[in-house]
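Right, one structure below, let's go through it.
The values are calculated or read from the model by the stated rules, or taken from the named source; none is laboratory data. The model shown is predicted, which means the values in this text are computed figures rather than measured ones. Cβ atoms come from the backbone with ideal geometry, glycine included; neighbour counts cover every protein chain shown. SASA here: full protein model, heavy atoms, side chains in, ligands and nucleic acids out. Shrake-Rupley method; radii C 1.70, N 1.55, O 1.52, S 1.80 Å.
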Amino acid sequence: MKINNILISQTIKNLNSPYLKLRKNKNVKIDFRSFIDIQGVSNIEILKQKINFADFTEVIFLSKNSIDYYFRLSKSMKFQIPVNMQYICLTESIANYLQKYIVYRKRKVHIGNMYFQDIIPYINQHSNERFLLPSSNTLNPEISKMLNQLNVSWKRAILYKTTYSNLSDLKHIYYYDLLVFFSPICIKSLFENFPKFHQRHTQIATFGQSTLDAAYKAGLKISITAPTPENPSMMKALEKYIKDKT
């Protein structure tokens, strides 16, 4: 089935987005609509969680949002991030996004392949460090379980909260040949807004293992997954898929 219309379940961040280039180069219609609303927590809420950013020597980033809110709250709380702070990024695309805030050096950033268990050996090798895990109010419980099984000092910090967006303006969801999801909560938002949604001929793309698991749990058939060794980003995966379907 040829792909003509794509819906990305998040907003576009800048005019240099590779999705805009993909839209032009492949002559496909790509719309952007966030399936979730995100709101950062206040400084007071951070203090209520008994989080002191200065207590940690390594930060684990599972998403680009976690990067944004960590640096935003650090600034608002007047925490000067040490130049020797170490970072762990779940994927290469997250690590690349980190360059928005730091001068990128390989010795400061460890990059996982795709799954959280991929970074466990690194955490074990640096068991004397103190790890901070910035996240939203939703977190895969398996991640907490894996960290608790390690003999390391770590703490989760809820830096932002996510809720379902009102998608009543998307009355013609079946207009799109392909829906692209980046988090489990986006999958849940789809069914929250369209409880009678049936996939029919709609194709689904997912980014990340937890999103893939949520899609399978919802009974969806998946056409595109990322990141993979061949396609480290969703944009690359879409580009290849569209080319193959042409």
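Points to keep in mind about this one:
- In region 181-232, the qualifying residues are those that are of a type in the set (Gly, Ala, Ser), over 21 Å from residue 113 (Cα atoms) and in contact (Cβ under 8 Å) with a residue 24 or more places away in the chain, and the one that is most open to solvent (accessible area, probe 1.4 Å) is 218.
- Residue in region 46-56 that is in contact (Cβ under 8 Å) with a residue 40 or more places away in the chain, open to solvent by 30 Å² or more (accessible area, probe 1.4 Å) and not charged (D, E, K, R) present: yes
- Looking only at residues of region 101-113 that are under 22 Å from residue 228 (Cα atoms) and in a loop (DSSP other than H, G, I, E, B), we find that the one that is farthest from the chain's Cα centre (by Cα) is 106.
- Looking only at region 115-138, and only at residues there that are within 25 Å of residue 185 (Cα to Cα) and among the aliphatic types (A, V, I, L, M), the one that is most open to solvent (accessible area, probe 1.4 Å): 120
- Residue satisfying all of: in region 7-21; surrounded by fewer than 19 Cβ atoms within 10 Å (Cβ to Cβ) and of a type in the set (A, V, I, L, M, F, W, C); farthest from residue 157 (Cα to Cα) among these: 20
- Counted residues, region 60-106 - those being small (Gly, Ala, Ser) and under 17 Å from residue 116 (Cα atoms): 4
- Scanning region 151-179 for residues that are over 23 Å from the mean Cα position of the chain (by Cα) and open to solvent by 30 Å² or more (accessible area, probe 1.4 Å), we see that the one that is modelled with the lowest pLDDT is 171.
- Test: residue in region 119-135 that is touching a helix residue (DSSP H, G or I) at 6+ places or on another chain (Cβ under 8 Å), closer than 22 Å to residue 227 by Cβ and modelled with pLDDT under 95: no
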